[in-house]
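Contents: one structure, followed by commentary.
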Amino acid sequence: MTVSTPSPLTSDADWWRSAVVYQVYVRSFADSNGDGIGDLNGIRERLPYLRDLGVDALWLTPFYTSPMVDGGYDVADYRDVDPMFGTLGDFEAMVTEAHALGLRIIVDIVPNHTSDRHPWFTAALAAGPGSAERARYLFADGKGENGEQPPNDWESIFGGPAWTRLPDGQWYLHLFDPAQPDLNWRHPEVRAEFEDILRFWLDRGVDGFRIDVAHGMIKAEGLPDVGFNSMTTGRRQSELLGKGRLPYFDQDEVHDIYRSWRPILDSYPGGRMAVAEAWAETPQRLARYIGPDELHQAFSFDFLDATWSTDSFRKVIDTALAEATIVGAPTTWVLSNHDRQRHVTRYGDGEVGLRRARAAALLMLALPGCAYLYQGEELGLPEVLDLPDELRQDPAFLRTGESRDGCRVPIPWSGELAPYGFGPAGSELSWLPAPATWRALSVAAQTDEPGSTLELYRAALRIRRTHPALAVLGGITWLESDPGVLAFRRAARDAALTCVVNIGETPVMVAGYGEPVVASAALTEQDGAHLLPVDAAAWFTRHTG
Ligand code: TEU
Ligand code: CA
C-alpha cells in the first residue's frame, strides 16, 4: 500500500486564475548574512511571514549570475544563482520550503537581452564582424560615409541611442543599457537555448515565469526607423511605449515564441504558468499574449496607470475584463512594481496618498482575476524621493535623470534603527538607506496594530481566500452609486460581496449591501447605514440564499 502525503499546494492546475502573487525584489527583501543585500536565504527566513500574510505565490526578480548593471536584469548565466544572492542549493531549498507552506514560486526570465558578460556576447565581440557568434545578437553596420552613424533612429528605454559602436566599427543593439545587448530571436540557437532554460527551472520545481520585456524579442525586418525621436521631436521615443507602434516592440512574430513555450509549460504537472510584462498599443493587442496557446497572464499596466478618479478606474476595469473574457484568461491587476513610483506617492503621497493606496488595495483585491502585490505595499510604504544621487544605482538615472531606486529601498522589518531588521541582528548595512519615518512602518510595528496597513492587507487577503463570492471567476456587476463612488458586486449562489470605493469629495452613506467585513478607514454607523469617508473603501457581505 502506498501512502501519499497530501501536498499543501492545492492540486488545482488553474490556481493562477485567482491567485495573489507577491513580488519579491530580492535585493531589497531580507538580508540573511549582513552584507546589506537581500538574498535567497533571507527570503527563506521570511516565508512564514508571507504565508501568514495570505498570498498564494511569490514572484522573484532575477537572482541569476549578473554584473548587476541593471539590478540583475542583465544576466550572465541563466542557470545559476549570483553569489550575492546565494547558491542553487539555497534556491532549491527555498522552493521546497515554500511549497511546504503552500506558496508557489514564479521566477523572472529575461529573454530579450543578455548581459554583455554573457559568454555568447564576449564570444561575439572576440569573433568580429560577420561571424556566426555575432549572429546571435543584433549587430549592424552604421550609416554615413564611414558607418559613423547608428544603423537607425531607435532609442534606448533608458535614454540615448539604442546602438553602441565597437572599436571594429560595427554597432550592436541594446534597447536598454549598453550592458544589455539584445538577442536575435530569429536565430534558432537563441530559441533552443531559452526553451532549455525554461526546462532547467521547471525541473527545479518553479511554478511559473514572469517574462521580462515579453513584447520585445522580435524586431521588424530591415530594422526601419521610427521617425519619432528625440532629435526630430525633442521627445523621447519611449513615450510611445504602450501608446503607439514601435518597430522593436509587439511584432506579430513574437507570438510564435510563446506558442512554442506553452507546450513546454503544459508538459509539467501542477499548472505551470507564465505572465507577460508586455507593453502594447491597445488592450486588444495586449490580450493577444494570453490564452490557451500562449501565455496565461499579462499585467494590466493600464490599471497601474489609472488616475484617482471613478471614470479612469471604471474604464480600465471594464476594458480589461472584456478583453480577458474574449480570450478566456483572467485579468491581472497590479498597482506597483519595481519599475514604477509606489502608489502611495502616485496617489498624492503623505496622508492622502496612503488613504487612497489602502482604498485601492481593497478595490484591486475585490476584482476577479489575479492580483500582484509589490513588496512593501502591504506596509503602506511610500516612494523614497530624497535618496542622495550618489547612492542611486538605476542605470536609467545617469541617462535620463529618472531613477527607480526610490521604490527599491530595503523593507523595514523591526526595531528602532535603520535598516530596521533588514539584516541579521546588529547589522547596520543596507544597499539603500531607509528613511527614519519607516521605523513606524515596519512589519513588527504594524503587526497586531488595529487599523495598520499590514493588518488591513491581512484581513482583506483572509476574506478573499474564504468568501464564496470572491471565489467565483468571471465578471462584476456595477451598482448604481453617487458620482465619485465606485460600487460593484460579486455574487456566489448564496452570498454576495459588495466593494464600495469613495473617490469623491464628501463622505457617502452606504446601505443595503449587508455587513461591513473590512474597511480601509473607520466607518461610522447611523441607523443601520454606514458612513464611508472620503478616499476610503469597504467590503460588505450579505447572505442571499
Ligand atoms: O522593464 C521593461 C520596461 O520597459 C519598463 O518597465 C522600463 O524598465 C521602465 O519604464 C524604465 O524606466 C523590464 C524590467 O521590469 C526592468 O526592471 C528592467 O530594467 C528592464 O526590463 C530591462 O530588463
Ligand atoms: Ca545578503
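For segment 305-362, name all the residues that are of a type in the set (S, T, N, Q) and touching a residue at least 40 places away in the same chain (Cβ under 8 Å). Scanning segment 305-362 gives Ser309, Thr310, Thr325, Thr332, Ser336, Asn337, Gln341, Thr345. Residue-level check: of (1) surrounded by fewer than 24 Cβ atoms within 10 Å (Cβ to Cβ); (2) of a type outside the set (Lys, Arg); (3) closer than 18 Å to His118 by Cβ, Gln180 misses just (1). The residue that is nearest to ligand 1 (Cβ to nearest atom), among those in segment 139-170 that are closer than 19 Å to Asp74 by Cβ and not in a loop (DSSP other than H, G, I, E, B), is Glu155. Looking across segment 386-415 at every residue that is without any contact (Cβ under 8 Å) to a residue 60 or more places away in the chain and more than 16 Å from ligand 1 (Cβ to nearest atom), the one that is surrounded by the most Cβ atoms within 10 Å (Cβ to Cβ) is identified as Pro412. Within segment 31-52, residues that are in contact (Cβ under 8 Å) with a residue 24 or more places away in the chain have Cβ atoms under 9 Å from residues that are among the hydroxyl-bearing types (Ser, Thr, Tyr) and more than 13 Å from ligand 2 (Cβ to nearest atom) in these pairs: Gly38/Tyr25; Leu50/Tyr22, counting only partners at least 6 apart in sequence or on another chain. Across segment 328-384, the qualifying residues are those that are at pLDDT 95 or above and β-branched (Val, Ile, Thr), and the one among them that is farthest from ligand 2 (Cβ to nearest atom) is Val352.
In segment 491-545, what count of residues is obtained for those that are of a type in the set (D, E, K, R), part of a loop (DSSP other than H, G, I, E, B) and more than 27 Å from Val472 (Cα to Cα)? Residues that pass the stated criteria total 3. Of all the residues in segment 457-486, those that are in a strand (DSSP E or B) and surrounded by 21 or more Cβ atoms within 10 Å (Cβ to Cβ) number 1. Note on segment 39-59: among residues that are of a type in the set (Asp, Glu) and part of a helix (DSSP H, G or I), the one that is farthest from Leu103 (Cα to Cα) is Glu45. Quick check on my filter: what residues within segment 72-102 are assigned to a loop (DSSP other than H, G, I, E, B) and over 23 Å from Gly36 (Cα atoms)? Answer for segment 72-102, where residues must be assigned to a loop (DSSP other than H, G, I, E, B) and over 23 Å from Gly36 (Cα atoms): Leu101, Gly102. Assess whether Ala123 counts as being more than 16 Å from ligand 1 (Cβ to nearest atom), touching a residue at least 12 places away in the same chain (Cβ under 8 Å) and part of a helix (DSSP H, G or I). No, not satisfied.
Scanning segment 119-151 for residues that are under 31 Å from the mean Cα position of the chain (by Cα) and not hydrophobic (A, V, I, L, M, F, W, C) yields a total of 4.
Within 16 Å of ligand 2 (Cβ to nearest atom), more than 26 Å from Trp308 (Cβ to Cβ) and buried (at least 24 other Cβ atoms within 10 Å of the Cβ), is that true of Pro424? In short, no. Of the residues Ala93, Ala135, Ala98, Ala127, the single one that is of a type in the set (A, V, I, L, M), exposed (fewer than 15 other Cβ atoms within 10 Å of the Cβ) and more than 25 Å from Met231 (Cβ to Cβ) is Ala127.
The values are calculated or read from the model by the stated rules, or taken from the named source; none is laboratory data. Note that this is a predicted model, so its numbers are computed, not measured. Cβ coordinates were reconstructed from backbone atoms using ideal geometry, including for glycine residues, and neighbour counts include every protein chain displayed.
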